[in-house]
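Enquirer: Next up is a structure, given as structure tokens.
The values are calculated or read from the model by the stated rules, or taken from the named source; none is laboratory data. Note that this is a predicted model, so its numbers are computed, not measured. Cβ atoms come from the backbone with ideal geometry, glycine included; neighbour counts cover every protein chain shown. Calculation scope for accessible area: heavy atoms of the full protein, side chains included, ligands and nucleic acids excluded. Shrake-Rupley method; radii C 1.70, N 1.55, O 1.52, S 1.80 Å.
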There are 2 protein chains.
Amino acid sequence: MNAKLPAVGFIGLGIMGRSMAGHLLAAGHDLHVYNRSREKAEDLVAKGATWHDTPGKVAAHADVVVTIVGYPHDVEEVYLGANGILAQVRAGAILIDMTTSSPALAARISAKAAERGIMALDAPVSGGDIGAREGKLAIMVGGDSAAFAAALPILQRMGTNIVLQGGPGAGQHAKMCNQIVIASTIMGVCEGLAYAKHAGLDAESVLQSIGGGAASGTQLRVMGPRIIKGDYAPGFFMEHFIKDMSIALAEAERMQLNLPGLALAKKLYEQLKAQGYGRSGTQALFKYYDK
Amino acid sequence: MNAKLPAVGFIGLGIMGRSMAGHLLAAGHDLHVYNRSREKAEDLVAKGATWHDTPGKVAAHADVVVTIVGYPHDVEEVYLGANGILAQVRAGAILIDMTTSSPALAARISAKAAERGIMALDAPVSGGDIGAREGKLAIMVGGDSAAFAAALPILQRMGTNIVLQGGPGAGQHAKMCNQIVIASTIMGVCEGLAYAKHAGLDAESVLQSIGGGAASGTQLRVMGPRIIKGDYAPGFFMEHFIKDMSIALAEAERMQLNLPGLALAKKLYEQLKAQGYGRSGTQALFKYYDK
């Protein structure tokens, strides 16, 4: 370990988190880890990371604490719970939550941390498991600009497109924009391909015609071929996407902003989840049209 | 003029049609033209095209007739009207309708033409005024494969991505797939940017974060900056897009296919048209969210 580098705590070792923590370990940071199920930490521990059995104990050993967990209630427990980060955090530490979570919760954590003289950032990501593995995530950051500057070297181990979007919660808000655009876009991709199928067209030929023009985009390019093959394996779990859309819709309602496209996409996804597709990929929305 | 090249009739000299006809004239085809308002033909006539005062008279002078007009009822009149193409078409001619129009009408025109021993193709395009100007349109073709082979040299003057999608009407169906994907995608782009604005984010920074990832695509890249600037100038008229969505929705209903995203987008666009935005660009959907 390199004594000049800050010690990093990393909480949440899912598919994304393991890759991201791995980059920090590889870069020479002293790495302290916690995850709800310990077995997901074994690879990192074998490579030199130190296991702790609560988030608070991780925080007690770290100059920078990074979290990427599941739902807002998980974020809340990890930060604010009895064995959570704020209970044991070191003076002068920087906290970075990379979970896609509620902007209001991010602001609340930032305020609670500030009471203790601690700087907290919300920094959700886009780019999926491949972006995490390659260290090429887009990272949308909310919080204090001094905290952003201090955290940047850590964030640069995990991402390439790193933008400070504003104060506490602004990173989460920017991520909501991303998910809102995607929600209706996937709906459009599924509807276009469902129409192609019903009209008796060859879907590959349709993609050849429309994949390079005004309809083109990442969702059509990546999900289109999967939908045609009937491949609903998760790149991103439908149930996690529903979580994100729920946060976005709640925030929009709070702002008195009517987003009917988002509301419709969420409704269709919830129908599919009720049919057992929650752990399928987001492209399984096609099943709504292709029963 | 080059006597070895087929004489081409061109009907419909709007922004797209004038560019497309210009490529055929420049390539050396004997060009015969008609347009509802004659002044739009003047440039082409000055360069050597021959004006005729009905679609039928154009057809009487052409080996290949290309049409790109407004609405399905215009297509119907141009092909099937008393002074229309089928009334005066030459034996052995090939008819190519490049209007975005009804698949059912395309099939009807093809059948009527076949009764006379004439081959008709539906060949709507994607790529807009810039694609037309640069001769780089995507062309989605429906009809007989022999007719497609015969028409290909003409189509290659106007487009680069030219795909036979199936029998009569299949080109129109493929174009509907394109418009269906775009309809919900624009809605997503507008909702994401409306959320950004309401959340107090800097929209340029949001585009910087989300423009390269899973939300990325032509609509976000092209329309995003226009929406941020409040630039609603038409790249594609909202009222023409409503026409396309109406055709797609009618076809989907005929196939008993429920497309709620498309239906919602069309409803929102119709509200805006009623408010006077019909001649604005499709990106003016943002006005629904930003009143």
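Enquirer: Using a 1.4 angstrom probe on heavy atoms only, work out the carbon and sulfur share of the accessible area of the stretch B:8-168 in %.
Expert: Answer for the stretch B:8-168: carbon and sulfur cover 51 percent of the accessible area.
Enquirer: Just the number, please: carbon plus sulfur as a percent of the accessible area of the stretch A:200-291, 1.4 Å probe, no ligands or DNA/RNA counted.
Expert: 47 percent
Enquirer: May I pose another question? Can you list the HN-Hα couplings for the stretch A:13-26, worked out from phi with the Karplus curve (6.51, -1.76, 1.60; θ = phi - 60°), rounded to whole Hz and with x for Gly and Pro?
Expert: Working through the residues one at a time gives 10, x, 4, 5, x, 4, 4, 5, 5, x, 5, 5, 5, 4 Hz.
Enquirer: Considering the rotation that carries chain B onto chain A, locate the chain B residue whose Cβ comes closest to its axis and report the distance in whole Å.
Expert: B:G217, 1
Enquirer: So which residues of the stretch B:195-218 lose at least 40 Å² of accessible area, probe 1.4 Å, when you go from the chain by itself to every protein chain present?
Expert: The answer is B:Y195, B:H198, B:L201, B:Q208, B:S209, B:I210, B:A214, B:A215, B:T218.
Enquirer: With label points built 7 Å along Cα→Cβ from the Cα atoms of B:I15 and B:E270, find their separation and express it in nm.
Expert: Result: 2.5 nm between the two label points.
Enquirer: When only the heavy atoms of the protein chains count and the probe is 1.4 Å, how do A:R157, A:R221, B:R226 rank by accessible area, highest first? Working shown, then result.
Expert: Values: A:R157 95, A:R221 160, B:R226 70 Å².
The ranking, largest first, comes out as A:R221, A:R157, B:R226.
Enquirer: Related question: Can you give the accessible area per residue of chain B, in Å², using a 1.4 Å probe?
Expert: Per-residue accessible area for chain B comes out at 38 Å².
Enquirer: What does the copy distance list look like for B:A233, label position 7 Å along Cα→Cβ, in nm and ordered from shortest?
Expert: The projected label point of B:A233 is separated from its counterparts by 4.8 nm.
Enquirer: Mind running the shape call on the stretch A:8-168? Use the C-alpha gyration tensor, a ≥ b ≥ c as the square roots of the eigenvalues: rounded below 1.5 for a/c, prolate if a/b tops b/c, oblate otherwise.
Expert: The shape class here is rounded.
Enquirer: Something else now. Convert each backbone phi in the stretch B:259-268 into a coupling constant with the Karplus relation 6.51 cos²θ - 1.76 cosθ + 1.60 (shift: θ = phi - 60°), then list the ³J(HN,Hα) values in order as whole Hz, x for Gly and Pro.
Expert: Couplings: 10, x, x, 4, 4, 5, 4, 4, 4, 5 Hz.
Enquirer: Using Cα positions and a limit of under 20 Å, work out the lysines in reach of B:K112, with same-chain residues fewer than 8 apart set aside.
Expert: Partners within reach: B:K57.
Enquirer: When each copy gets a label point 7 Å from Cα toward the beta-carbon at A:E134, what are the spacings between them in nm, shortest first?
Expert: With the label placed 7 Å along Cα→Cβ, A:E134 yields 2.5 nm.
Enquirer: Next question. Which Rg and Dmax, in Å, describe the Cα atoms of chain A?
Expert: 20.1, 65
Enquirer: So, one more: Be a star and scan the stretch A:259-291 for residues whose amide nitrogen sits under 20 Å from the point 7 Å along the Cα-to-Cβ vector of A:A233.
Expert: A:277-287
Enquirer: Which whole number in µm²/s is D for the protein assembly as shown by Stokes-Einstein, with the Kirkwood Rh taken over Cα pairs at 25 °C and 0.890 mPa s?
Expert: The Stokes-Einstein estimate is 95 µm²/s.
Enquirer: Give the nm distances, rounded to one decimal, from A:A111 to the matching residue in every other copy, measuring between label points 7 Å along Cα toward the beta carbon; shortest first.
Expert: In ascending order, 6.8 nm.
Enquirer: Cα-Cα over 21 Å: which of A:K4/A:K175; A:K229/A:K287; B:K175/B:K243; B:K197/B:K291; B:K40/B:K175; B:K136/B:K267?
Expert: Violating the 21 Å limit, Cα to Cα: A:K4/A:K175; B:K40/B:K175; B:K136/B:K267.
Enquirer: May I ask for the accessible area buried between chains B and A, both sides summed, probe 1.4 Å, to the nearest 100 Å²?
Expert: Interface between B and A: roughly 4500 Å².
Enquirer: Counting alpha carbon pairs within less than 8 Å and at least 6 residues apart, what relative contact order, in whole percent, applies to chain A? Mind dumping the intermediate values first?
Expert: Numbers: 529 pairs, mean separation 38.1, N = 291.
Here the relative contact order equals 13 percent.
Enquirer: I've got another one for you. If each DSSP helix of 4+ residues adds -39,500 (n - 2.57) and the sum is divided by the residues in chain B, what number results at 222 nm, nearest 500 deg cm²/dmol?
Expert: -15500 deg cm²/dmol
Enquirer: Follow-up. What length, rounded to one decimal in nm, is gained on full extension from A:K112 through to A:L80, with 0.36 nm per residue of separation minus their alpha-carbon distance?
Expert: 10.7 nm
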